């Protein structure tokens, strides 16, 4: 047999759209719990939504979404009243809170002092690869936390400057 005949698909399970044929249409209506209608979808997509639990069939050609899509997911406008609730006292209180958060430093120092070497049990023994890896991991934790604190302080400084120029 020629390769084109040997490798071709046989049977009626597969149907390809030939030139001039009409493709599958979006013929499944989509509604949400409140009755809002959305653009129709393909049957396979509708079955997928039902199978994943994101929709349910109401009739043969209509599905209801479990959670309707939100058109505008972001609120890009700040309301004026949010700045009124933030005052200088609030900013200084947040800075003091950041300044007093030292529990994580105490925990890291305690972990480092209790850390022992693999075989010898001494902290300063040469070849302590496991202890060195633990110390480096703790160092990364402290650096990340301090970076977060610096960013928070920069943010509060910016808000402070905005309030200062507004007043």
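The values are calculated or read from the model by the stated rules, or taken from the named source; none is laboratory data. None of the values given here were measured: they were computed from a predicted structure. Cβ placement follows ideal geometry from the backbone for every residue including glycine, while neighbour counts extend to all protein chains displayed.
Yes/no per residue for (1) at pLDDT 55 or above; (2) surrounded by 10 or more Cβ atoms within 10 Å (Cβ to Cβ):
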site	(1), (2)
14	no, no
24	yes, yes
31	yes, yes
42	yes, yes
45	yes, yes
51	yes, no
55	yes, yes
72	yes, no
80	no, no
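Note on the range 45-63: residues that are over 14 Å from residue 31 (Cβ atoms) and not in a loop (DSSP other than H, G, I, E, B) amount to 4. Remark: pairs (first residue in the range 16-34, under 18 Å from residue 61 (Cα atoms); second residue at pLDDT below 85; Cβ separation under 6 Å; 6+ apart in sequence or on different chains) = 23/17; 32/68.
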